[in-house]
Amino acid sequence: MREDMFKVIVTRPRHGRRWATKSKLRYDKCEERSHVTGHRLVSEKTGLTKSLNENLAPLKRYLHKQVGRKWDDVFSEICRHLDTGSTVKMHVRLHIDDFIIRKVGKNTNGQLISRMSHGGEELIINCWPELYVDPLDGRIKETKKLCKKSGVTYIRRRTPHWQKNLSGPTPIKQQSSNIWYIQLVGIWYKIKLCSIPTHTNGQ
């Protein structure tokens, strides 16, 4: 693991700086102030502050390269470089669960499930992270391969339910000559025409 992994989170400039007034006293509306900085003006004029710019691609690439290794060994390596003595490093560690499911068990049907922090459970084949830790051997494996083995489409390749509703014919009902009802994504909308369209010469 790269030693500077914690540097993937960096401080980016304050938003709204270009909209703030110039940091010159002659532009400052507070007459009693003898000095003012650009940061102070941004805070006063826009209310915006500094924020973190997260580029977690290196962490994701690292985890994908560890497929087949035991998770305990990988996590020990992560802890050596991302210790608990730094707030930024701890913040990076919190994003590990965005890429890999660590708490995995089996339900009564023998299916692999993710044990969530709030006590709930979800089938691994329905989880978004691309990696998971197999409870049988403790090794990192790919979710899409588990889906293929289970005969289901990988969740990232599934058609969203709202797009499925649009695949068939759109339900349309006519109430009167200028009032129509149309159903989109399970919701009926009322359409009122200002005038009745006419068709001439095949147009």
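With respect to the stated conditions, Q174 fails to be farther than 30 Å from K144 by Cβ, at pLDDT 70 or above and open to solvent by less than 100 Å² (accessible area, probe 1.4 Å). Evaluation of K70 against the conditions (1) more than 18 Å from the chain's Cα centre (by Cα); (2) open to solvent by 80 Å² or more (accessible area, probe 1.4 Å); (3) at pLDDT below 90 shows that the sole unmet condition is (3).
Restricting the stretch 99-116 to residues that are among the polar types (S, T, N, Q) and without any contact (Cβ under 8 Å) to a residue 12 or more places away in the chain leaves a set whose member that is surrounded by the most Cβ atoms within 10 Å (Cβ to Cβ) is N109.
Return yes or no: is K141 charged (D, E, K, R), over 15 Å from Q66 (Cβ atoms), in contact (Cβ under 8 Å) with a residue 12 or more places away in the chain and surrounded by 12 or more Cβ atoms within 10 Å (Cβ to Cβ)? So K141 fails the test.
Listed conditions (1) modelled with pLDDT of 90 or more; (2) open to solvent by 60 Å² or more (accessible area, probe 1.4 Å) are all met by Y132, apart from (2).
The values are calculated or read from the model by the stated rules, or taken from the named source; none is laboratory data. Bear in mind the structure is a predicted one, so any value in this text is a computation, not a measurement. Neighbour counts run over all protein chains shown; Cβ positions are idealised from the backbone, glycine included. Surface accessibility is based on the protein's heavy atoms, side chains included, excluding ligands, DNA and RNA. Shrake-Rupley method; radii C 1.70, N 1.55, O 1.52, S 1.80 Å.
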